[in-house]
Structures are given as C-alpha cells and as structure tokens.
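Peer 1: Let me begin by handing over the structure; questions about it come next.
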Amino acid sequence: MDAFREEGIRVGLYYSIIDWHHDDYPGYGDKAHPDRDNELAKDKPIDFDRYLTYMHGQVKELLTNYGKIDIMWFDFSYDNMTGEKWKATELIRMIRSIQPDIIIDNRLGGNIRAAEPEEYAGDFFSPEQIIPPGGILDVKGASIPWEACITLNDNWGYHSTDKNYKSAKQVIRTLVECVSKNGNLLLNVAPDAKGEINRESLDVLRDVGEWLRLNGDSIYGCGGATLPKPEWGRFTLNGNKLYAHVYDRGIGPIYLEGLKGKIMKARLLRDGTELKVEAPWMAQEYSDIEGGAFITLSGAMLPDEMDTVIELQL
C-alpha cells in the first residue's frame, strides 16, 4: 500500500461479505453457495452472529492496521442477505469511527436513490458490466455519484484462455461515456499467479494511458454537460471548459447544437491546435435556424480515431 501512496494513488480495499469457507455462513438453500442443494448440509448448525463477529472483526483489522484507507468496496448483498442482516448500521458506524474520510460503495444494501437513504446505503452506486443509459439519479431526479465496474476481458480473475480483451478505443470511450453521465469507470485488470500483468493488458493500458496523457483534462474533474448527446460523440464539462469527444468524422464541419455565439475559442486538446468557430458558406442558413455553431476539421480523417477531443472555452 505504501508503494501506491508514494505514487499519489489512493488505496481502496475490496471485501466480500460472503464467505463460503466459514462454517457459520449458511449454505443450504442459498442461491449461489456450493452447498445450496447438498442435503448433508441441510441440518448443519449455523451461528450467524458468530459469522458477523468474524466479518466485522476482519473489516476492523483492515481499517486499523494499514494506514489511511480511501475506499471500502463491499461485495455483495442479495435476497434476504442484505442490510441489517449484516448488522450494517453497526458496521458502518465502526468503519467511519476508524476512517472518517472513507468512501463506501452501496453493496451492503439499502436504497441509495431514496430521498432519505439508510445510513448503510453507501456513498456511490456500483453498476456492474453495464453503463447506465442515463447515469444514476435519485428519486428527485438529481444525479448521484456512481462508478461502473467493468472487466478488461470477460473475467474478474486471471483466466489464461480468455483473450477477449477490450480495445483501447473501447476502454477510452467507455470512460468518456461514464464521465459524460457524471460517473466514473473502475476497470478491472487481473494479474496472473505470479502477480504479473500480461502483455495483452499492458498494451491496452499503455494506449489508454497515452491518450489520457494528451487528453486527460477532458476526463479529470469533469462531469456531464446539460446538452443533447451529439450524433458524432459525447460531451464532458469542467467549469467553462466544454470538451467535445468526436468519434465520427462525418461529412463537412462538426455541428455543435445550441452553442452559437457561446464559444470564445476552440482547440484540439491533444496538441493545442487552434480551430476556427465559424459557419461555412454551405451551413450558414442552418446555424441561424438551429442556434448551433460549426467547427471545421481539416482532412477526411480524425486526428485521433479513438477519440478526438476539442476543447471549447465558453
């Protein structure tokens, strides 16, 4: 953990609140436990309070012995195994007494979208292997913090024969999609039995890292923009900086709906190339009708086919 902190990376811990190896975790009749259909386990005596003492104790140890912990990521509640079944309020209060600045996910249970969420409902929502179509909103329609957990290939743990890796372009656009909806991307990369990250993963991460080096201002500190989703890509926003993520070159100038007269300057984010904001002769009548702005990119191809980012100062 010290190595992460030395690089300025915050520390998060994953903890499974389900433990199939513990003698006091109920197995028979559970929907997922290996003993769910095992008749020999049907009448096995279970002391679930003893399990909870064990579980709470492990969490306390993790939060006490390893310095400042920034995130506690629990996994996961289901059916009647949720909320106060885990003595969740007691657990949360213990956690925050030890690590008052910690951020906790929503998988202890409860309804983080409610007008008054339970104390254990968590600080952020955690959709898995999907990007919510409209982000995550509470019952009043306000955006709440969320983070999509996505695997780089098809498995959470290392799987030597799983070569179905997402491309750097797909990872970048997934990240942009999350940020454009006020969310974050938690990308899972699994080391092998030697603790090494394989070449396929490293190649993708290198390309994503290089894109972020050049275009990180359009991601870090950004959120969604209150603009219609453009047909050519996505928008992200940070203060008066609007970032147009252009995926599709299309034909002619890039059309920016609703932004006529609102753009002070435009540039390619990756290298600072200044761009003109003007309606070319063939588009002037359309800009007057729709209130849109136009930016012309030279050439038939995008400067970056993965995601060309245009920074617009409003």
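Peer 1: Any idea what the relative contact order of the range 223-314 is, in percent, if you count C-alpha pairs under 8 Å spaced at least 6 apart?
Peer 2: Details: 167 pairs, mean separation 33.4, N = 92.
That works out to 36 percent.
Peer 1: Compactness ratio of the range 92-152: Cα Rg over 2.2 N^0.38 Å, N = residue count? Mind showing how you got there, number by number?
Peer 2: Values: Rg = 12.5 Å, N = 61, 2.2 N^0.38 = 10.5 Å.
With N residues counted in the range 92-152, Rg over 2.2 N^0.38 Å equals 1.19.
Peer 1: Per residue of the range 297-314, in order, report the coupling 6.51 cos²θ - 1.76 cosθ + 1.60 (Karplus, θ = phi - 60°) as ³J(HN,Hα) in whole Hz, putting x for Gly and Pro.
Peer 2: 9, 7, x, 8, 10, 6, x, 9, 5, 6, 5, 8, 9, 10, 8, 10, 8, 8
Peer 1: Hey, another quick one. So for the chain, averaging the separation of alpha carbon pairs under 8 Å that are six or more residues apart and normalising by length, what relative contact order in percent results?
Peer 2: Numbers: 521 pairs, mean separation 32.0, N = 314.
After rounding, I find 10 percent.
Peer 1: Once a ≥ b ≥ c are taken as the square roots of the eigenvalues of the Cα gyration tensor of the range 5-127, is the result rounded (a/c under 1.5), prolate (a/b larger than b/c) or oblate (a/b not larger than b/c)?
Peer 2: Values: a/c = 2.13, a/b = 1.63, b/c = 1.31.
It comes out prolate by the Cα gyration axes.
Peer 1: Leaving out ligands and nucleic acids, note down the accessible area per residue over the range 180-275 with a 1.4 angstrom probe, in whole Å². Walk me through the intermediate numbers first.
Peer 2: Working: 5300 Å² over 96 residues.
Accessible surface, normalised per residue, equals 55 Å².
Peer 1: Taking each pair of different alpha-carbon atoms in the range 173-249 once, compute 1/r for the pair, average those values, and report the inverse of that mean as the Kirkwood hydrodynamic radius in Å to one decimal.
Peer 2: Numbers: mean 1/r = 0.0721 Å⁻¹.
Every distinct Cα pair counted, the radius reaches 13.9 Å.
Peer 1: Another question about this same structure. Hey, what number do you get for the chain at 222 nm if only DSSP H runs of n ≥ 4 count, each worth -39500 (n - 2.57), divided across all residues, to the nearest 500? Intermediate values should be presented prior to the final figure.
Peer 2: Working: 6 runs with 70 residues, N = 314.
That comes out to -7000 deg cm²/dmol.
Peer 1: Then there's this: Spelling out what I want: for every residue of the range 174-189, take phi, set θ = phi - 60°, compute 6.51 cos²θ - 1.76 cosθ + 1.60 (Karplus), and round to whole Hz; glycine and proline get x.
Peer 2: 5, 4, 4, 4, 4, 4, 5, 10, 6, x, 9, 10, 9, 9, 8, 10
Peer 1: What is the distance in Å between the Cα centres of the range 1-63 and the range 209-229?
Peer 2: 37 Å
Peer 1: Tally Lys/Arg at +1 and Asp/Glu at -1 over every other residue whose Cβ is under 13 Å from the Cβ of Arg50; what's the total?
Peer 2: Values: positive: Lys87; negative: Asp19, Asp23, Asp24, Asp47, Asp49.
So the surrounding residues net to -4.
Peer 1: Turning to a different aspect of this structure: Around Gly233, under 11 Å between beta carbons, what's the net of Lys plus Arg minus Asp minus Glu among the other residues?
Peer 2: Combined, the nearby Lys, Arg, Asp and Glu give 0.
Peer 1: Could you run the Debye sum over the Cα atoms of the range 201-314, one equal point scatterer each and no solvent, and tell me log10 of I(q)/I(0) at q = 0.14 Å⁻¹, two decimals?
Peer 2: Computed log10 I(q)/I(0) values: -0.56.
Peer 1: Let me ask something additional. Quick one: Debye curve from the alpha-carbon atoms of the chain only, equal weights, vacuum; give me log10 I(q)/I(0) at q = 0.09, 0.14 Å⁻¹ to two decimals.
Peer 2: Treating every Cα as an identical point scatterer, log10 I(q)/I(0) equals -0.61, -1.17.
Peer 1: Could you tell me which of rounded, prolate or oblate describes the range 143-189, using a ≥ b ≥ c as the square roots of the eigenvalues of the alpha-carbon gyration tensor, with rounded for a/c under 1.5 and, failing that, prolate when a/b is larger than b/c and oblate otherwise?
Peer 2: Details: a/c = 4.66, a/b = 1.92, b/c = 2.43.
The shape class here is oblate.
Peer 1: Here's a follow-up. For every other residue with a beta carbon closer than 11 angstrom to the beta carbon of Tyr78, add +1 if it is Lys or Arg and -1 if Asp or Glu, then tell me the sum.
Peer 2: Working: positive: Lys31, Lys85, Arg107; negative: Asp30, Asp75, Asp79.
For residues surrounding Tyr78, the net value is 0.
Peer 1: Separate question: Which pairs in the list Lys60/Lys85; Lys31/Lys140; Lys44/Lys87; Lys169/Lys229; Lys31/Lys163 are over 28 Å apart, alpha-carbon to alpha-carbon? Intermediate results must be reported in sequence, preceding the final value.
Peer 2: Numbers: Lys60/Lys85 18 Å; Lys31/Lys140 34 Å; Lys44/Lys87 23 Å; Lys169/Lys229 19 Å; Lys31/Lys163 30 Å.
Among Lys60/Lys85; Lys31/Lys140; Lys44/Lys87; Lys169/Lys229; Lys31/Lys163, the Cα-Cα distance tops 28 Å for Lys31/Lys140; Lys31/Lys163.
Peer 1: Is the shape of the range 10-53 rounded, prolate or oblate, going by the alpha carbon gyration tensor and its root eigenvalues a ≥ b ≥ c, with a/c under 1.5 for rounded and a/b larger than b/c for prolate?
Peer 2: Numbers: a/c = 4.03, a/b = 1.87, b/c = 2.15.
It comes out oblate by the Cα gyration axes.
Peer 1: DSSP beta bridges in the chain, what fraction antiparallel, as a percent rounded to 5? It would help to have the intermediate numbers written out before the result.
Peer 2: On the way: 25 of 42 bridges.
Here the share of antiparallel DSSP bridges comes out near 60 percent.
Peer 1: So what is the relative contact order for the range 133-241, in percent, with contacts set as C-alpha pairs under 8 Å and at least six apart?
Peer 2: Working: 132 pairs, mean separation 28.7, N = 109.
Worked out over the range 133-241, it gives 26 percent.
Peer 1: Same structure again: On a 0 to 90° scale, report how tilted helix 48-64 is relative to the longest principal axis of the chain, with both axes built from alpha carbons and the result rounded to the nearest 10.
Peer 2: 50 degrees
Peer 1: Just the number, please: carbon plus sulfur as a percent of the accessible area of the chain, 1.4 Å probe, no ligands or DNA/RNA counted. Intermediate results must be reported in sequence, preceding the final value.
Peer 2: Values: 8860 of 17460 Å².
Here it works out to 51 percent.
Peer 1: Still on this structure, I have one more. Taking the Cα centre of each part, how many Å lie between the range 174-192 and the range 80-100?
Peer 2: Their Cα centres are 27 Å away from one another.
The values are calculated or read from the model by the stated rules, or taken from the named source; none is laboratory data. All values reported here derive from a predicted model rather than from experimental measurement. Cβ atoms come from the backbone with ideal geometry, glycine included; neighbour counts cover every protein chain shown. Please note that ligands, DNA and RNA were not included when accessible areas were found on the heavy atoms of the full protein model with its side chains. Shrake-Rupley method; radii C 1.70, N 1.55, O 1.52, S 1.80 Å.
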